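Engineer: Just passing along the structure, written as structure tokens.
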Amino acid sequence: MSSPLLTIEHLRVDFPEVVAVNDLSLTVGAGDVCGLIGPNGAGKTTTMRAISGLQESTRGSVRVGGHELAREPDELKKCLGFMPDFCPVYEQLTATEFLDHFARAYDVPNRASRIFECLELTWLTEKRNALCEELSRGMKQRLVLAKTLLPDPKVLLLDEPASGLDPLGRIELRKILLQLRDAGKAVLISSHILTELSGFCNTAAIMERGKLVTFGTIAELGQKMGRRRMSVKWRADGGKAMDILKSANVKNLEAADLGATFDFDGNADALDELLKTLVVQGVRVCEWRGSGDDLEQIFLQSGAKELM
Amino acid sequence: MKLSENPIFLTQKRLVHRAGVLAAILIAALIGLSLLSGLIAYLSAPISFGFRSPQEAGKVFYGWIIGVEILVLIIGGFGRISKVLAEDRKAGLLDSNRLTPLKPAQIVIGYWFGAPLREVYMSAVLAGIGLVVVLLGRLPLTLWFGTQILIVSTALFLGLLAVLMGLVIQRPQNGAVVPALLIVLLPLFSFIMPKYMLSNFLLPVYSIVNLFDTRELADEHSFRDWSGSPEIFGVPIPPVVLTLGLQIGIGIFLWRAAVRKTANPFRSPLFRWEAVVLFGILLFAQHGLMWGVWHGHFPELSVGTRNFADEAPMLSIVHCGTLLLAAIVLAFASPLPERVRLEALRTGVGNFPLAFSRSALPLALVLLAVAGIALLTQCAAEISSNWMIFTVAFGSLLDFFLVFVLLLEFCRLRFKRRALGFVCLWLFVLCVLPFILAGVFSEAAIGRLSLLSPGVLALANSQGSNDYGSAEPDFLLLIVLAQFGIAVLLFFGWRDQWRRLFARAAAIPQAK
């Protein structure tokens with residue numbers, strides 16, 4: 001993992017009748033997109049609110065861009081962009097005026113051009129003069145995303161950013177997140193729709209009942225979860241391939257048309273070795289995919305009770 | 001940051017302008033011009049009006065103009081600020097602004113000056129027309145300057161209170177409660193003893209009427225009490241100076257509370273020392289104003305002092321005001337039990353000393369001392385003969401302060417979100433129900449069991465002889481002692497609830 005921009009240590013948040021977040025520790029480095037996954041009530045939103053300082057924590061420390069929340073909240077705010085799971089907008093302002101409000105608040109240099117850039121990035125250029133009340137929920141969501149990106153923060157907290165977006169919007173959101181990742185931002189993103197996170201999250205944190213169930217890179221998590229389901233396809237020499245697989249440490253081997261699926265218990269090196277064996281033995285492998293790399297699979301295997 | 005660069009102010013300005021200001025300005029102009037035309041009509045044909053001079057006509061028409069101005073800027077502005085802020089808070093926009101590098105003070109200023117802009121425009125139009133009325137009515141310009149300064153200062157003072165309200169109220173429309181209460185309650189007290197009531201100076205009722213120079217009308221009974229300077233412990237102070245001094249003094253605390261609450265909504269808006277100083281300022285100012293009636297010889301009236309006690313039991317009213325003020329201060333300063341539980345979790349110390357130190361109970365005792373000293377100023381010179389009256393009044397304060405704090409915290413601990421309803425219920429039972437039962441059964445003695453009665457009755461005894469007989473103070477003291485028993489019972493319940501809270505903190509359940 002690259003140098004951490006967001007560090008959470010032993011975070012605990014108490015509500016009157018419940019411990020909403022309990023002893024949570026995780027780090028998100030520059031260029032990392034971390035998926036915060038969990039069922040309803042797992043504490044994802046509370047975690048994000050606690051990181052931003054909107055929710056008071058009982059214990060633990062939060063450090064963003066080297067600034068500790070308890071000691072340097074003002075410096076921390078400059079490094080942080082938080083997009084909540086609802087859309088707080090001034091209904092009677094235009095999209096441009098709304099962004100202008102926050103550009104002034106963040107003291108963004110070259111306000112007008114930066115606002116235009118963010119509108120363009122969130123495909124709202126055509127709606128720049130529309131009142132917020134005239135925007136659809138998805139558009140408002142994009143506008144709030146534009147507001148979050150406005151000060152160019154090092155760390156982004158995105159709470160369910162795709163929930164109101166149409167399919168095209170989700171594809172565009174994915175592009176934006178990849179751009180942010182490439183730009184070296186640290187992104188902590190929560191979502192119920194795990195397939196959406198799979199494409200661009202390189203780390204994931206699974207929460208349940210306020211506790212961190214597991215945290216790591218997608219590959220590490222796949223391994224942590226133990227057995228992973230693999231899928232292999234070849235162009236010819238199916239018989240030889242099946243023989244190699246049977247002799248290897250695989251379970252539940254199922255043959256398919258020019259391919260097979262199987263469970264593999266070994267680590268990543270053993271898996272690499274198996275692929276190498278197949279290729280060296282002359283099997284023309286054209287697809288080699290592990291479903292254990294999939295966030296949904298990891299989540300299901302993590303033992304979390306409720307998948308939304 | 002200049003106000004013109006404050007993003008909250010600019011956004012509020014945009015929102016106000018987008019909603020339209022022209023109609024509002026025209027309404028204000030029409031009202032003002034109607035009154036101006038009335039004055040012009042009088043000046044052209046004085047015979048058809050009942051005014052004795054152009055000055056009198058000018059004062060009447062200008063009085064109406066500033067009346068509308070007060071309604072628009074002070075009452076309307078208050079409602080607007082608290083409503084806008086409460087709506088933004090509920091919509092999550094206040095949180096969005098709090099996450100920016102804007103300082104809490106800048107956020108407060110933005111709402112304070114930005115939200116009531118429509119009302120500011122309207123009152124500016126009225127003020128302009130008012131100036132013309134003053135000039136045409138040949139009234140001194142000091143009247144215009146003085147009244148306008150007082151209106152603006154009061155609007156700013158109450159605007160800060162509105163910001164604070166907007167930060168705490170649950171429903172945006174609840175912000176209208178305070179101005180509504182002011183309109184209903186203020187006249188009840190303002191006209192009983194104008195020069196002696198603090199509310200007449202905190203809100204500039206006396207100062208504005210005084211600026212109208214009522215000396216010519218002082219012969220008339222209704223205006224006799226509105227002329228001259230008030231005195232604080234015998235020192236005459238110009239009414240405008242007193243009003244501005246009080247508003248600035250208390251405004252500083254409101255400002256600090258608003259900024260603190262904006263920075264961290266989880267914290268109490270008042271530090272303890274601030275609550276004590278605020279309470280002290282208000283209470284000593286009130287007793288200072290009334291000091292001239294008895295000069296410390298309560299209940300013997302000073303020579304030359306008008307016998308107000310014939311019309312109203314002044315010190316009893318102040319006693320009730322003290323109880324109300326203490327209840328408000330204690331309610332604001334009292335921490336939510338959840339805060340103390342979190343502190344216990346943080347520090348790992350969850351015991352009774354922590355509960356006592358964080359509870360408003362010690363604060364109530366300090367406020368009691370302040371109230372006792374303030375009350376003592378009225379009867380210090382005759383304390384050897386009046387010690388019983390003072391003891392009953394002080395004991396009554398002690399009972400109420402303790403019962404209120406213990407009841408409030410007990411209900412918060414026991415009933416959580418439903419606490420307010422139960423506090424109101426028990427205060428009703430302890431304070432009001434005895435009076436109702438006294439009326440129902442035609443038995444005045446039942447009314448004396450009210451938590452309010454001992455102090456009020458003792459201090460109503462301003463003439464030395466009273467309707468209750470010479471044994472009455474002793475009887476009242478017995479009631480005070482009996483009521484102390486309620487506080488003791490509440491104390492045990494209160495302690496038990498804290499224990500339960502700390503026990504829960506020690507064994508916290510996991511998330512659902």
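Engineer: 7 Å from Cα along Cα→Cβ at both B:Ile183 and B:Leu3: what's the point-to-point distance in nm?
Structural biologist: Distance between label points: 2.6 nm.
Engineer: Moving to a separate point now. Do any of A:Lys185/A:Lys211; A:Lys211/A:Lys251; A:Lys175/B:Lys261; A:Lys211/A:Lys246; A:Lys185/B:Lys2 go past 29 Å between their Cα atoms, and which?
Structural biologist: Those over the limit are A:Lys211/A:Lys251; A:Lys175/B:Lys261; A:Lys211/A:Lys246; A:Lys185/B:Lys2.
Engineer: Further, regarding this structure: For the protein assembly as shown, just say rounded, prolate or oblate: build the C-alpha gyration tensor, square-root its eigenvalues into a ≥ b ≥ c, call rounded for a/c under 1.5, and beyond that prolate if a/b exceeds b/c, oblate if not.
Structural biologist: oblate
Engineer: For A:Val13, enumerate residues with amide H under 5 Å from its amide H, sequence gap 5+ or separate chain, H modeled in the peptide plane.
Structural biologist: Placed amide hydrogens put A:Ala20, A:Val21, A:Asn22, A:Asp23, A:Thr58 under 5 Å from A:Val13.
Engineer: Quick one: dipole size for chain B, taken about the Cα centre, charges +1 on Lys/Arg Cβ and -1 on Asp/Glu Cβ, in debye to the nearest 20.
Structural biologist: 2900
Engineer: Report the FRET efficiency, 1/(1 + (r/R0)^6), for B:Trp273 and B:Ala45, where r is their Cβ-Cβ distance and R0 is 51 Å, rounded to 0.05.
Structural biologist: Working: r = 62 Å, r/R0 = 1.23.
Once rounded, the FRET efficiency stands at 0.25.
Engineer: Of B:Leu430, A:His101, B:Phe484, which is farthest along the charge dipole of the protein assembly as shown in the positive direction, counting Lys and Arg as +1 and Asp and Glu as -1 at C-beta?
Structural biologist: Of the listed residues, the answer is A:His101.
Engineer: Restricting to the protein assembly as shown, what percent of DSSP beta bridges are antiparallel, rounded to 5?
Structural biologist: Among the beta bridges of the protein assembly as shown, antiparallel pairing accounts for roughly 70 percent.
Engineer: Shape call for the stretch B:339-437 from the C-alpha gyration tensor, a ≥ b ≥ c root eigenvalues: rounded (a/c under 1.5), prolate (a/b greater than b/c) or oblate? Working shown, then result.
Structural biologist: Values: a/c = 4.16, a/b = 1.53, b/c = 2.72.
Oblate, because a/c is 1.5 or more while a/b does not exceed b/c.
Engineer: Averaged across the residues of B:7-18, what count of C-beta atoms belonging to other chains lies within 10 Å of each residue's C-beta?
Structural biologist: 4
Engineer: Same structure, new question: Measuring from the lowest to the highest alpha carbon on each principal axis, how far does chain B reach, largest first, in angstroms?
Structural biologist: Principal extents (largest minus smallest coordinate, Cα): 78, 64, 42 Å.
Engineer: Quick check on the protein assembly as shown: helices-only [θ] at 222 nm, where DSSP H runs of length 4 and up contribute -39,500 (n - 2.57) each and the sum goes over total residues. Nearest 500, please.
Structural biologist: Rounded to the nearest 500, it is -18500 deg cm²/dmol.
Engineer: Could I ask something else about it? Let me know the charge dipole size of the protein assembly as shown about its Cα centre in debye, to the nearest 20, where only the beta-carbon of Lys, Arg (+1) and Asp, Glu (-1) is charged.
Structural biologist: 1340
Engineer: GNM on chain A, C-alpha springs below 10 Å: top fluctuator among A:Ser52, A:Ser191, A:Ser113?
Structural biologist: A:Ser113
Engineer: Still on this structure, I have one more. Given labels modelled 7 Å from the Cα in the Cβ direction, how far is it in nm from B:Phe266 to A:Asp269?
Structural biologist: Result: 4.6 nm between the two label points.
Engineer: Which one of B:Val152, A:Gly184, A:Leu156 has its Cα pushed farthest toward the positive end of the charge dipole of the protein assembly as shown, where Lys and Arg give +1 and Asp and Glu give -1 at the Cβ?
Structural biologist: A:Gly184
Engineer: Whole-Hz ³J(HN,Hα) for each residue in the stretch B:139-149, computed from phi via Karplus 6.51 cos²θ - 1.76 cosθ + 1.60 with θ = phi - 60°, x for glycine and proline: what do you get?
Structural biologist: Residue by residue, the stretch B:139-149 yields 9, x, 5, 4, 4, 5, 4, x, 5, 5, 4 Hz.
Engineer: At what distance in nm do the modelled label points of B:Ser229 and A:Thr217 sit from each other, each positioned 7 Å from its Cα along Cα→Cβ?
Structural biologist: Placing both labels 7 Å along Cα→Cβ, they lie 8.1 nm apart.
Engineer: Follow-up question, since we're still on this one. Can you run phi through the Karplus equation (6.51, -1.76, 1.60; θ = phi - 60°) for the stretch B:15-29 and list ³J(HN,Hα) in whole Hz, with x for Gly and Pro?
Structural biologist: 5, 5, 5, 5, 6, x, 10, 4, 4, 5, 5, 5, 4, 4, 5
Engineer: Would you tell me the mean number of C-beta atoms belonging to other protein chains that fall within 10 Å of each C-beta in A:75-81, as a whole number?
Structural biologist: 2
Engineer: Relative contact order for chain A using alpha-carbon pairs under 8 Å, separation at least 6, rounded to a whole percent?
Structural biologist: It rounds to 21 percent for chain A.
Computed from the coordinates by the stated procedures, all read-outs in this text should not be read as laboratory data. Not measured: the values here are computed from a predicted model. No Cβ is skipped: glycine too gets one built from the backbone with ideal geometry, and neighbour counts run over all protein chains shown.
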